[in-house]
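The values are calculated or read from the model by the stated rules, or taken from the named source; none is laboratory data. Predicted model only: the values in this text are computed from it and were never measured. Ideal geometry is used to build each Cβ from the backbone, glycine not excepted, and the neighbour counts take in all protein chains shown.
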Amino acid sequence: DGGITQSPKYLFRKEGQNVTLSCEQNLNHDAMYWYRQDPGQGLRLIYYSQIVNDFQKGDIAEGYSVSREKKESFPLTVTSAQKNPTAFYLCASRGEINEQFFGPGTRLTVL
Amino acid sequence: RKEVEQDPGPFNVPEGATVAFNCTYSNSASQSFFWYRQDCRKEPKLLMSVYSSGNEDGRFTAQLNRASQYISLLIRDSKLSDSATYLCVVRILTGGGNKLTFGTGTQLKVEL
């Protein structure tokens, strides 16, 4: 089955730690995206990548980093510099009519 | 002004009712439009694209009014399973590529 997977589903982090969220897709899509969602707010774009070895900052990139070494993979690192990291993180890839398909998400909680 | 605005609801409707959601967008250069559905604590899923001519998918009808910069979603004969948050999404072509902007969503609760 084609799709997007994210892991872990739930992640707990102590303050001051960096954590990496995994995102993998087997849809053969070039473009991939990371969003965060907070209660009562729309999805906000963190980073996106149009093609392998290239990525761009989104609207709220501070405190995050990404890499895109393989077409299938677009991991997101939440660094200790991110002041309010507790959120629901969603990874997506872009389809043929510019729609986006989402993974199941990772809920990050900072203890 | 938000780029994409929706009435947050909730819309509480009885099963079988017809319900309509509207969404306005501020950027006249917006190129593509979508409705997504998001269940509680789940990822958004594409419900349908929205075309200028209007389009229908079963009980769901979407329409776009470019002149007034709004899109709408009509759900007929609503089911309990339609209870979810409906996200209005707009695509803008920027210098860095395609960007989707999401509304905060309209919550629908269908009741017996």
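Restricting to the stretch A:54-111, name every residue that is buried (at least 16 other Cβ atoms within 10 Å of the Cβ), of a type in the set (G, A, S) and within 10 Å of chain B (Cβ to nearest Cβ).
Residues satisfying the conditions are A:G58, A:A92, A:G103, A:G105.
How many of the residues in the stretch B:19-47 are among the small types (G, A, S) and away from chain A (no Cβ under 12 Å)?
Qualifying residue count for the region: 4.
For the stretch A:32-53, name all the residues that are crowded, with 18+ Cβ neighbours inside 10 Å and among the hydrophobic types (A, V, I, L, M, F, W, C).
Within the stretch A:32-53, A:M32, A:W34, A:L43, A:L45, A:I46 meet the criteria.
Would you mention how many residues in the stretch A:40-81 are under 21 Å from B:T101 (Cβ atoms) and hydrophobic (A, V, I, L, M, F, W, C)?
The total comes to 9.
Give the stretch B:20-50 a look and list any residue that's over 11 Å from the mean Cα position of the chain (by Cα), buried (at least 19 other Cβ atoms within 10 Å of the Cβ) and touching a residue at least 60 places away in the same chain (Cβ under 8 Å), or say none.
B:Y25, B:S30
Please give the strands (runs of 3 or more DSSP E) falling wholly within chain A in which 2 or more residues are of a type in the set (S, T, N, Q) and touching a Lys or Arg at 6+ places or on another chain (Cβ under 9 Å).
In chain A, the matching strands (runs of 3 or more DSSP E) lie at A:44-51, A:106-110.
Does A:S7 meet the test of being surrounded by fewer than 15 Cβ atoms within 10 Å (Cβ to Cβ), more than 24 Å from B:G103 (Cα to Cα), more than 10 Å from chain B (Cβ to nearest Cβ) and not hydrophobic (A, V, I, L, M, F, W, C)?
When the stated conditions are applied, A:S7 passes them.
From A:L27, A:L11, A:L76, A:L45, which residue is touching a residue at least 40 places away in the same chain (Cβ under 8 Å) and closer than 24 Å to B:A84 by Cβ?
Result: A:L27 is the single residue among A:L27, A:L11, A:L76, A:L45 that is touching a residue at least 40 places away in the same chain (Cβ under 8 Å) and closer than 24 Å to B:A84 by Cβ.
Just to be sure before I move on: is B:Q69 more than 12 Å from chain A (Cβ to nearest Cβ) and within 15 Å of B:E3 (Cα to Cα) in the structure I sent?
For B:Q69, the condition - more than 12 Å from chain A (Cβ to nearest Cβ) and within 15 Å of B:E3 (Cα to Cα) - is met.
For the structure I just gave you, tell me whether B:S72 is assigned to a loop (DSSP other than H, G, I, E, B), buried (at least 17 other Cβ atoms within 10 Å of the Cβ) and at pLDDT 95 or above.
no
Let's see how each residue does on (1) modelled with pLDDT under 90; (2) closer than 25 Å to A:L90 by Cα:
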| site | (1), (2) |
| --- | --- |
| B:V4 | no, yes |
| B:Q38 | no, yes |
| B:V50 | no, yes |
| B:R59 | no, no |
| B:S68 | no, no |
| B:L80 | no, no |
| B:L93 | yes, yes |
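Could you say whether any residue in the stretch A:4-14 is touching a strand residue (DSSP E or B) at 6+ places or on another chain (Cβ under 6 Å) and of a type in the set (G, A, S)?
Yes - at least one qualifying residue is present in the stretch A:4-14.
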